[in-house]
1. Taking into account only those residues within region 3-13 that are among the hydroxyl-bearing types (Ser, Thr, Tyr) and more than 20 Å from Ala48 (Cβ to Cβ), which is least open to solvent (accessible area, probe 1.4 Å)?
2. Can you name every residue in region 14-42 that is surrounded by 14 or more Cβ atoms within 10 Å (Cβ to Cβ) and within 30 Å of Ala3 (Cα to Cα)?
3. Can you tell me how many residues in region 18-71 are farther than 23 Å from Phe86 by Cα, touching a helix residue (DSSP H, G or I) at 6+ places or on another chain (Cβ under 7 Å) and of a type in the set (S, T, N, Q)?
4. Which of the residues that make up region 43-94 are open to solvent by 40 Å² or more (accessible area, probe 1.4 Å), hydrophobic (A, V, I, L, M, F, W, C), at pLDDT below 90 and part of a helix (DSSP H, G or I)?
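The values are calculated or read from the model by the stated rules, or taken from the named source; none is laboratory data. The shown structure was predicted, so the numbers you read here are calculated from the model rather than taken from an experiment. FYI the Cβ positions are ideal-geometry reconstructions off the backbone, even for glycines, and counts take in every protein chain you see. Side chains included, ligands, DNA and RNA excluded: accessible areas come from the protein's heavy atoms. Shrake-Rupley method; radii C 1.70, N 1.55, O 1.52, S 1.80 Å.
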Amino acid sequence: MIAGDYDSIEKTAVKIKNSFILKQKLTSTQKEELHTKLPQSFIAQDSAFHNDAAMLEHVANIKNPELTQFYFNKMLNACVTCHQSFAQEKFPLFKPIENKNHHTH
């Protein structure tokens, strides 16, 4: 991104966008199994992540540096949030997310 290589950013964004598991060629049984085994919050976060990848693809295509940085950062934050919430065993150095409804000073 800092080199201004929008073509590489766009290609990577396309790969991420196209990796969305629920858009793959799955049988109806496989899709149902994913929906029953994966938490709804994971599916929602993953869907938003892949939509942001589509937006990153678009803004890289039009070579908009501000929006490219915005969507890159949005996706990076989504990675961290997802790994904290759903992949503690794979990424043990991330601390779990505390209850967002708990307010302290």
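1. So in region 3-13, the residues among the hydroxyl-bearing types (Ser, Thr, Tyr) come out as 6, 8, 12.
Those still in the list that are more than 20 Å from Ala48 (Cβ to Cβ) too: 6, 8.
Values: Tyr6: 37, Ser8: 54 Å².
Residue satisfying both the conditions and the ranking: Tyr6.
2. Val14, Ile16, Lys17, Phe20
3. 2
4. Answer for region 43-94, where residues must be open to solvent by 40 Å² or more (accessible area, probe 1.4 Å), hydrophobic (A, V, I, L, M, F, W, C), at pLDDT below 90 and part of a helix (DSSP H, G or I): just Phe86.
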